[in-house]
Amino acid sequence: MEETSSGQHTQANLENAYALLQAEVLQLRRQVRDLQTSAAIAHERERAAQERAAELAKANTALKRSTAHLAHADSLKTFLHQVLIEATQAISAVTGAVFVYDVAAHTLQNAACVLHGEVVDVATDPRMEIWRSPIPANITAAWQVLSQKPQIIWFDNDEPHPDHWPFAMSWHEQMGHRTIACVPLIIGSTVLGFLGFGFTERRALSDASVEQCWVLAQHTALAIQLARLAEASKQTAIMREREQATQARAAELVRANRVLQRSMDCLIRTAQLEEFAGLILLEIAQLVDGVNCALFLYDQPADVMRLYMVVDEGCIIHPTESAQIQGFEIFQQPIRVAKTMFAHDQKPLIFVIDQTPKTVCSGTILDWHREQGHQAALCFPLQLAHQPWGFLGLAFQTVPTLSDETLELMQTLVHQLTLALYLDQISEEKEKTAIAEERNRLAREIHDTLAQSFTSILVRLQIASLSLTSDELAETQAHIDYASELARTGLIEARRSVYALRPSPLEAGNLATAVAEYLQCATEQVHITSHFDQVGELPALPAYLEVELFRIAQEAITNACKHANAKTLHVQIAIASSQLQLSIQDDGCGFLLPEPYQSSGFGLINMEERANRIDAKLKITSQLRHGTLVFVMVDLATLPSAPKF
């Protein structure tokens, strides 16, 4: 019994032990499976983590590059192209584009595009023709959806969505796009536009790729916003600059108006050229802080410039006083100026003293400027009808920077001064003409009244004297003789008075200079080219001879200017042996010469009468379309002591 119990017990124990062993094995197997599952999960997680890390590294590299582009790109478009290249490579898109929203126009504009990793020019690439014009934002509800709930919108080109732009479907199809993604560009709560991507296959982006798209979109939005802010700042700066320029221009105009008003008031108020010229020089010197300002007038016969007036440190110095001012003695002598000064369309010439060659300005003048401490000079030519009148010079101790407005105002004042010089000359010429006419009138009055009366008295007394034969009338004869002598003396004095009222041009010079001066003045008004020649040395001539010859020349020149329609007028005074010859010849229309001259209306009567008074020979020849020649010859050897009346 004991043995049997012991054996049964052993068997039972073995069975129990086996059962326990099997349970342990099952437990171990479950643990092994759990361990294997955990290992697989850990491996998968590790692989996913590695892929995630790779994607993040790739995204991080792309973001670093986009950040670098943002910092160094020379323009917004360049940066947009770089971002599109980075984004399309990162998400394996074949096409990328940036569309920017215009709030005012409510449109979307394609601002940049890449195809297959290459930048394309939307404006010129034929594939991009449909994207050149702005797209109305309300063409579909897509932009509204994108603006209200910023998210990535996907479109399947094989299964068109109602919000997809209709005209874009065929284009995407031509490009081989099956899927299109739109990523909004957001700054704060404002949507500035979107990034558009095209894919050749249906696909979904990984979380890392989506995150990268969002970050690149943020970079793009930031760049667009910065560009807009920069443009706004630029426009603000431009507007501020324009406002400042406008204010400065207004101030310039106010100053210019005041200066011009003062000059015009002076021109109207005073009849003295010196006073007006002094005001102009003062105004110009004050405008530009010139050390001194000088006016030189052109002496045409001598072909030199002569100092007329100086303004030095605010003081007006007249020509007669300039020698008393230390430093201006050099300008007591006339100076010659290069003709090129008057070949620049009246524009002012600025000279930097140490850089000006002596071919432009004489070495003597340059040395004078250096001695005075001048660094620069400014010259305004005075011209009228393309004829030089002089120049206005300014000296500076520093090289000036003058605005266009200031130069224009100075030029206007110079024009006023030139006009004043011209008007003064016209006034002087009119005054001379009036004086000459009055002298001629007085001469005619004396000749026609006193001289004629004295002549008549003398004739009658002579007749009365011849009729007296009786001795008892001797006393009467003495009275008649005395009266005759008084009449003869009065006649001589009357004739002397007539020739004392000689033309004013003869007062300043001889016959040749008077004729040359009148020729120049007369032809300048009608733009006739004139030539004057003097052959031989002109001797001292009696006053009456000079008057009559001058009047003949004056009449012939006037006729040529008024009636001949000539282009050139040639006047010559020649001395040959004892003969004085005066000729006036033009190339004008000519005329039919009447016989005698008294039947002509061209003033030939006066010339004939004057020639007869001095025993001169007058010959006038003219031919239609071949001009006119007036020739006068006087024999000085047989010249009468007084003119014949």
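Data for the structure
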| read-out | value |
| --- | --- |
| Of GLN520, ILE575, THR558, farthest towards positive along the dipole that unit charges on Lys, Arg, Asp, Glu beta carbons give segment 507-587 | THR558 |
| Tail weight of P(r) past 21 Å, computed on alpha-carbon pairs of segment 352-434, percent | 46 percent |
| Percent antiparallel among DSSP beta bridges (both partners in segment 508-638, rounded to 5) | 75 percent |
| Stokes-Einstein D in µm²/s, Kirkwood radius over Cα pairs - segment 97-256 at 37 °C with 0.692 mPa s viscosity | 183 µm²/s |
| Inter-site label distance for LYS562 and GLU129 at 7 Å from Cα along Cβ, in nm | 7.9 nm |
| Additional length obtainable on full extension of the chain from ASN13 to ASP158, 0.36 nm per residue less Cα span | 44.8 nm |
| Where labels lie 7 Å past Cα in the beta-carbon direction, separation of VAL304 and LEU538 in nm | 2.2 nm |
| Rg to Rh quotient for segment 138-201, alpha carbon positions, Kirkwood Rh | 0.98 |
| Dimensionless Rg ratio for segment 508-638, taking C-alpha atoms and the 2.2 N^0.38 Å reference | 1.00 |
| Links that overshoot a 31 Å alpha carbon limit, given the list LYS77/LYS149; LYS347/LYS562; LYS562/LYS617; LYS234/LYS347; LYS430/LYS567 | LYS347/LYS562; LYS234/LYS347 |
| Length gained when the stretch GLN425-ARG258 is fully extended (0.36 nm per residue, less Cα-Cα span) | 57.4 nm |
| Cβ-derived FRET efficiency at R0 35 Å, SER170 paired with LEU222, nearest 0.05 | 0.55 |
| Added length on full extension, which subtracts the Cα-Cα distance from 0.36 nm per residue, GLU211 to VAL103 | 36.1 nm |
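The numbers here are math on the coordinates, done by the rules we state, and not lab data. In this text the structure is predicted, and so the values were computed from the model without any measurement. Note that we place each Cβ from the backbone using ideal geometry, even for glycine, and neighbour counts take in every protein chain shown.
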